[in-house]
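These notes are about the structure you will find just below.
The values are calculated or read from the model by the stated rules, or taken from the named source; none is laboratory data. Note that this is a predicted model, so its numbers are computed, not measured. Neighbour counts are summed over all protein chains in view; Cβ atoms, including those assigned to glycine, are modelled from backbone coordinates with ideal geometry.
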Amino acid sequence: MNDFTRRLGMKTVHAADGECHIEMIVDEFHMSTAERVHGGVFFTMLDTAMGRAVISNLPEGRGCATIEAKINYFRPVQNGSLRAEAHCVYVSRRTAYAEASLIDGEDRIVARSTGTFMLTDTLKQSERERV
């Protein structure tokens, strides 16, 4: 995990064969002013899990970048744990498509996401030259 996701408390439990599971314990700093987990935390978990599911389907050293992602929020979370479960649905030569669910500590789906990813030749990419 990178420093950003580690600071949020996310831990990868599994990432292989087009699947990824990430877990996190809800903490006070995850909360919005409405005293529930901020939607950006939900989205970060889902996007990260989908990206890792895609990468786990690629040859060593290749990477991806999110082109488009959509999220549906179903219910708030105020405490407990969260688990993102993602799977890579389709990989073409240049793009991949993934889906993910975010599940609370009571095994309820609290959000779902889909995403399209651009496949890259390397895991890290430099900024594109501007024209």
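Could we say that K70 is of a type in the set (D, E, K, R), in a loop (DSSP other than H, G, I, E, B), touching a residue at least 12 places away in the same chain (Cβ under 8 Å) and loosely packed, with under 14 Cβ neighbours inside 10 Å here? So K70 does not fit the description; no. Of the residues T5, T12, the single one that is part of a helix (DSSP H, G or I), in contact with a helix residue (DSSP H, G or I) (Cβ under 7 Å, 6 or more places away or on another chain) and among the polar types (S, T, N, Q) is T5. Filter the stretch 33-57 down to residues that are assigned to a helix (DSSP H, G or I) and of a type in the set (V, I, T) and give me whichever is surrounded by the fewest Cβ atoms within 10 Å (Cβ to Cβ). Applying the filter and picking the extreme gives T44. Among the residues making up the stretch 5-56, those that are among the β-branched types (V, I, T) and within 22 Å of R75 (Cα to Cα) are I22, I25, V26, T33, V37, V41, T44, T48. When G51, G61, G39 are checked against the criterion of being of a type in the set (G, A, S) and modelled with pLDDT under 95, a single residue qualifies: G61. Give the stretch 52-91 a look and list any residue that's in contact with a Ser or Thr (Cβ under 9 Å, 6 or more places away or on another chain), among the β-branched types (V, I, T) and under 21 Å from E35 (Cα atoms), or say none. The one that is in contact with a Ser or Thr (Cβ under 9 Å, 6 or more places away or on another chain), among the β-branched types (V, I, T) and under 21 Å from E35 (Cα atoms): I71.
For the stretch 65-113, a residue qualifies if it is more than 16 Å from I22 (Cα to Cα) and of a type in the set (S, T, Y), and the qualifying residues are T66, Y73, Y90, S92, T95, Y97.
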